[in-house]
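These notes are about the structure you will find just below.
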Amino acid sequence: MPIASSKGSRFDDENAVILETSTTPLEMPGEIEAAGSPGFPDATHARAVALSTVTPVYRGAAYLERLVDQLESLRERLRGEEWPVRLAECVFVVDDADDNSEAVLQRIAKRHDWVTVLVLSRNFGQHPATVAGLLHTSGDWVATLDEDLQHEPGAIADALVAAVRSSSDLVYCVPERPPHGTLFRNVTSRLCKRAVALLSGNRHVASFSSFRLIRGDVARAAAAVSMRRTYLDVALCWFTDRIVSVPVPAVDVRHTETGTSGYSTLRLASHALRLLLSSQLRALRLGAAIGVGALTASTLIAITVLVQRLMFPASIGVPGWTSLLLAILFFGGLTALLLGVLLEYTSTVLMHVLGQPTFFVVDRSGDEPLRQFLEASVST
Amino acid sequence: MILLESKTAPGRLATVFGIGQIGSAIVRAMVDRDWQVVRTRSFPWSDAAGHREILESHADEIGARQTSGDERLDIVWSAGRAGFDASPSRTAEELASFESVLDFADVVTASGRRVHFHLISSAGGLFEGQRFVGLDSHPRPRRPYGRLKWEQERLLASRIELRSHVYRLSSVFGTIAGGRRRGLVGTLVENSLRHRETTIVGRMSTLRDFVAADDAGRFVVDNMETDRNTTHLLASGRPTSILEIVRRVEWAVRRPVPISCVPRPTNGVDITFRRSALPAGWNPRDVRSAIPGLVNDAIRGSVRNPYQSGASS
């Protein structure tokens, strides 16, 4: 579809790129079918909301068939209950799986044209794999969920309801109780998130979860700016502050069946580091303030000591002490100030490199059909 | 229009109408596969009345070169003057030219030759406003441009003596020297290198499906070995937002890309395609990984001879 203007087009400016489309379809000869794409009629009809899912896969061969069955059940439920929402696609991203997940998924994809399989060239990690999946979606809403049945697809409908009712862009499906793991891991995970929340001032950190429902435009925008070390949820927070959580049941099927977890302690530590590096820490921004404070204090103390030395020389018994103290105080304060300024610049550049946007425009008008459906469901 | 002859199968000829971004990519791919350019001739839009004379002369030349009379001629229609926002009168003009070429194909067929007609159609024009376009989706054009493409496909299908090959291309990217329509990616790359602002009329989150002109060209040429009628959707199955393209160009040119957005009440609707609808053997490049190469080409101005291999798009 040509979308660049050329000479003679309505926009004579050769730099204009036209993306707009008309809204009035032409009357076509009888050869043209009346319906558009099944399940997704064009804008002249009521436009169904499209839902996509993204699942990064590393070691999921034992669970994928069941997961797809659950997704298909969700698909049928949305259709059967006449929601104005269709589960249009499910994207699975094979992140150099160490079992035969890829073969399983390719078999599944042959049966269902709504299943897309992406195979990464090497193991990149859960967040990069999720980013890759998000960039392959077209849905108005995108749900991310794990491969191992820990996240029940049926809960996506609840998240959708919460999103539309609160006009939110991001819903975290938080387990009603923590998934099975050691006490040490659960506690350290919680403490880490709380520490980052405190240091960064981001109150949503405690809710971060890999089971999310994200407005499609926001998801793809955050994915578009995410880099290798970006923590996806931090990137999502750059684009929206309308974030809510819904409690969902969570069962660690992998642990129940195998006694193992999908993530080792090392991987979790890697996640924590990525979270820390992606967050703009308030402490860094305080660096300049700390530096100014230190220089001011050191100047005042230096003046005091100098006056004391000049006015009351006998009160300072050690020769050279005054000079030494003045030098330490001055250069220490100056160093603190310069370091603070440097930290401020570094923080700003880091956030720019990580892709933090200046602004982002969102359109929430597409929620209306679902909102009306929910209101009608309540009233009946 | 360009007349080419196969070096490995003398007497096998091909005529390409339209040497824009896609037409030149097709010619490059043919040259890579041991075809040679025999003649280049003007086929001006502005001289519709002269088309008949040009085509008659062309038919004579084909007759002179194909002496046994049962050789194959491939005709490629990759011409397009009407843009996506073309008026009905402009599309009518283009349709008339297309019909004249179809008539020419009939004349060649009547002489006993086997004619394969390759039509470069438009997935965006046919499926505008649709998402998750699959094998069971139906074209539903919404503007004159889409209707033009639908009508071209219908006319071709009605010429039952011709073998027809239809290629429904999604948004094409690639730079070309002298090309008038550069597409979003080409426009952004060139403007950013020249510190010029690009005006985008639509939403930054609008989704499009991009394929490289060269990939499409190679597929068309590979498909020239097919004998049966074919219709192919040449998309990538990978939706890309305008924001993502802008971001990638910024990274590649290493500077901010000045853009201005003109939001419209209609907004830019998304057009996306399912991977399951794509043809076997079609492996298009990812536009994200292609952008640095486009930037390098634009910097070097490397497309000197668009018909030589190595001149990328």
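The values are calculated or read from the model by the stated rules, or taken from the named source; none is laboratory data. Values in this document were obtained by computation on a predicted structure and should not be read as measured data. Cβ: placed from backbone, ideal geometry, glycine included. Neighbour counts: every protein chain shown.
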(message) Among the residues in the stretch B:197-210, are any closer than 30 Å to B:Gln36 by Cβ and outside any helix (DSSP H, G or I)?
(response) no
(message) Given the options B:Ser46, B:Ser100, name the one that is of a type in the set (Ser, Thr, Tyr) and at pLDDT 85 or above.
(response) B:Ser100
(message) Only one of B:Ala59, B:Ala96, B:Ala64 is of a type outside the set (D, E, K, R), touching a His at 6+ places or on another chain (Cβ under 9 Å) and in a helix (DSSP H, G or I). Can you tell me which?
(response) B:Ala96
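Look through A:Val119, A:Val94 and report the one residue that is in contact with a helix residue (DSSP H, G or I) (Cβ under 7 Å, 6 or more places away or on another chain), surrounded by fewer than 18 Cβ atoms within 10 Å (Cβ to Cβ) and farther than 21 Å from A:Gly154 by Cα.
Going through A:Val119, A:Val94 in turn, the sole match is A:Val119.
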(request) Identify all residues within the stretch A:66-96 that are assigned to a strand (DSSP E or B) and either touching a Gly at 6+ places or on another chain (Cβ under 7 Å) or farther than 26 Å from A:Ser121 by Cα (or both); write none if there are none. (result) A:Val85, A:Arg86, A:Leu87, A:Ala88, A:Glu89, A:Val91, A:Val93
(request) Hey, can you tell me all the residues within the stretch B:124-142 that are at the interface with chain A (Cβ under 7 Å from one of its Cβ atoms) and hydrophobic (A, V, I, L, M, F, W, C)? (result) B:Phe132, B:Val133
(message) When the residues of the stretch A:222-233 are narrowed to those that are touching a helix residue (DSSP H, G or I) at 6+ places or on another chain (Cβ under 7 Å) and within 21 Å of A:Ile156 (Cα to Cα), which ends up surrounded by the most Cβ atoms within 10 Å (Cβ to Cβ)?
(response) A:Ala223
(request) Within the stretch B:143-163, track down each residue that is assigned to a loop (DSSP other than H, G, I, E, B) and either within 12 Å of another protein chain (Cβ to nearest Cβ) or of a type in the set (Lys, Arg) (or both). (result) B:Arg143, B:Arg159
(message) For the structure I just gave you, tell me whether A:Gly366 is surrounded by 12 or more Cβ atoms within 10 Å (Cβ to Cβ), part of a helix (DSSP H, G or I) and within 14 Å of another protein chain (Cβ to nearest Cβ).
(response) yes
(request) Filter the strands (runs of 3 or more DSSP E) completely within the stretch B:225-289 down to those with at least 1 residues that are aliphatic (A, V, I, L, M). (result) B:230-234, B:259-261
(message) All but one of (1) under 25 Å from the mean Cα position of the chain (by Cα); (2) within 14 Å of chain B (Cβ to nearest Cβ) hold for A:Asp96; state the number of the condition that does not hold.
(response) (2)
(request) Kindly indicate whether any position in the stretch B:174-193 is within 25 Å of B:Gln130 (Cα to Cα), within 16 Å of the chain's Cα centre (by Cα), more than 10 Å from chain A (Cβ to nearest Cβ) and modelled with pLDDT under 95. (result) yes
